[in-house]
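Visitor: Before anything else, here's the structure in question.
The values are calculated or read from the model by the stated rules, or taken from the named source; none is laboratory data. Since we're looking at a predicted model, the values are computed, not measured. Cβ placement follows ideal geometry from the backbone for every residue including glycine, while neighbour counts extend to all protein chains displayed.
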Amino acid sequence: MKGLKFFACRDSVNLGRKVARLLGKRLGRLHLSNFADGEIRVWVEEKVKGKNCLVFQTTRLDPNNRLIELCLVASALKESGAKKVSAIIPSFGYARQFMAYQPGETKATLLMAKILVASGVDEVMVIDLHHEKILDLFGIPAVNLKTEDLFVQAIKNLDLKDFILVAPDKGSKPRAASLAGKLNAPYVFLKKKRKTKGFGREDWSRVFDLSGKVRGLDAVIVDDEISSGGTVVKTASLLKERGAKRIFVLVTHPVFSGQTYLNLTQAPLEKILVTDTLPLGKKAFKALPNLEVVSVAGLLAWAIEKKSKD
Ligand code: R5P
């Protein structure tokens with residue numbers, strides 16, 4: 001850990017500072033501003049020559065700006081003589097497009113990985129990545145941290161008696177199954193249809209085919225993220241329709257794009273538990289009094305410390 005320098009881009013300052021403090025560190029002096037036309041300007045005031053540097057930046061929600069900001073910081077650190085730059089990307093944007101869904105599309109995830117590497121990033125650390133396959137696209141050391149133990153504890157803290165875990169789609173089924181195993185609880189899953197062909201209505205989804213009974217049980221929906229909120233809202237209403245008692249949601253990434261707040265307020269949700277891989281403003285807590293945060297700061301601090309000993 002000695003000699004390791006910590007930096008954070010603008011939207012990840014809170015989390016970066018929290019992690020740094022847990023490790024007895026502080027964030028390095030980094031100035032970021034915008035020209036009137038939006039161009040980002042970076043100035044690394046800290047001495048980094050020959051040092052290993054960590055940069056925190058989430059690249060979901062407003063991914064284009066957030067990613068470029070991270071690339072500019074990585075590049076500035078390298079040009080200032082940093083030996084190694086590790087990007088800590090708690091929520092990695094452009095992860096959905098790791099494959100082309102129809103001819104004529106690009107594998108956007110691969111392109112973003114290449115841009116990061118070209119900017120000087122030597123290794124990445126992410127949390128609950130959309131798909132494990134993405135790690136190989138970087139071509140540099142890449143670690144995907146799992147929130148599973150945090151989630152097990154968060155569910156235990158809810159102190160539920162008769163409950164069932166719910167995977168709203170195929171992607172979240174392994175997560176629900178594994179949590180169910182650790183909590184000694186049953187789980188059910190749904191099928192989800194998205195519109196991946198053609199253009200328009202990219203966030204549209206439909207959930208159907210609940211695999212088992214939920215009547216009389218509290219239900220905990222587990223997923224990697226809430227983006228538009230469509231998946232959670234539709235899953236919650238189906239569960240209610242089928243007789244579930246209270247409905248809880250536990251997701252890693254609170255992307256909360258567009259009308260999400262509005263959508264979530266209309267759903268029968270007892271509690272919405274999310275992590276801090278993305279910053280949430282006061283607006284979120286005001287709109288959603290049932291919103292609570294489970295921090296990933298401890299998980300990141302543990303992983304960074306472990307990596308520094310390797
Ligand atoms: C992918 O399908 C993910 O696991 C999430 O279920 C999804 O991204 C949530 O998106 P939304 O909130 O827009 O339905």
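Visitor: Identify all residues within segment 218-272 that are of a type in the set (Lys, Arg) and within 12 Å of the ligand (Cβ to nearest atom); write none if there are none. Outline the logic, then answer.
Guide: Here is the first cut: in segment 218-272, the ones of a type in the set (Lys, Arg) are 234, 240, 242, 245-246, 271.
Residue satisfying the conditions is LYS234 alone.
Visitor: What tally of residues in segment 1-45 results from selecting those that are without any contact (Cβ under 8 Å) to a residue 40 or more places away in the chain, surrounded by 17 or more Cβ atoms within 10 Å (Cβ to Cβ), within 22 Å of VAL294 (Cα to Cα) and among the small types (Gly, Ala, Ser)?
Guide: 1
Visitor: Looking at segment 257-278, is at least one residue over 28 Å from LEU23 (Cα atoms), surrounded by 22 or more Cβ atoms within 10 Å (Cβ to Cβ) and not β-branched (Val, Ile, Thr)?
Guide: There is at least one residue in segment 257-278 that is over 28 Å from LEU23 (Cα atoms), surrounded by 22 or more Cβ atoms within 10 Å (Cβ to Cβ) and not β-branched (Val, Ile, Thr).
Visitor: Also: Give me the residue from segment 207-217 that is surrounded by fewer than 21 Cβ atoms within 10 Å (Cβ to Cβ) and at pLDDT 95 or above and, out of that set, nearest to the ligand (Cβ to nearest atom).
Guide: Keep residues of segment 207-217 that are surrounded by fewer than 21 Cβ atoms within 10 Å (Cβ to Cβ), which gives 208-213, 215-216.
Then drop every residue that is not at pLDDT 95 or above, which leaves 215-216.
Working: ARG215: 24, GLY216: 26 Å.
My answer is ARG215.
Visitor: Another question about this same structure. Which residue is nearest to VAL251 (Cα to Cα), if the candidates are limited to segment 73-112 and must be among the polar types (S, T, N, Q) and without any contact (Cβ under 8 Å) to a residue 24 or more places away in the chain?
Guide: Of all residues in segment 73-112, those among the polar types (S, T, N, Q) come to 75, 80, 86, 91, 97, 102, 106, 109.
Now narrow it down to the ones that are without any contact (Cβ under 8 Å) to a residue 24 or more places away in the chain: 97, 106.
Working: GLN97: 20, THR106: 28 Å.
Per the stated criteria, the residue is GLN97.
Visitor: State the number of residues belonging to segment 280-310 that are surrounded by fewer than 17 Cβ atoms within 10 Å (Cβ to Cβ), part of a loop (DSSP other than H, G, I, E, B) and touching a residue at least 40 places away in the same chain (Cβ under 8 Å).
Guide: Count: 1.
Visitor: Which pairs turn up if I take residues in segment 244-260 that are at pLDDT below 95 and of a type outside the set (A, V, I, L, M) and look for partners that are assigned to a strand (DSSP E or B) and near the ligand (Cβ under 9 Å from one of its atoms) with beta carbon separation below 6 Å, at least 6 apart in sequence or on another chain?
Guide: none
Visitor: When you check VAL42 against the structure, is it closer than 13 Å to GLU69 by Cα, over 22 Å from the mean Cα position of the chain (by Cα) and among the hydrophobic types (A, V, I, L, M, F, W, C), yes or no? Outline the logic, then answer.
Guide: Values: closer than 13 Å to GLU69 by Cα: yes; over 22 Å from the mean Cα position of the chain (by Cα): yes; among the hydrophobic types (A, V, I, L, M, F, W, C): yes.
Spelling it out, VAL42 is indeed closer than 13 Å to GLU69 by Cα, over 22 Å from the mean Cα position of the chain (by Cα) and among the hydrophobic types (A, V, I, L, M, F, W, C).
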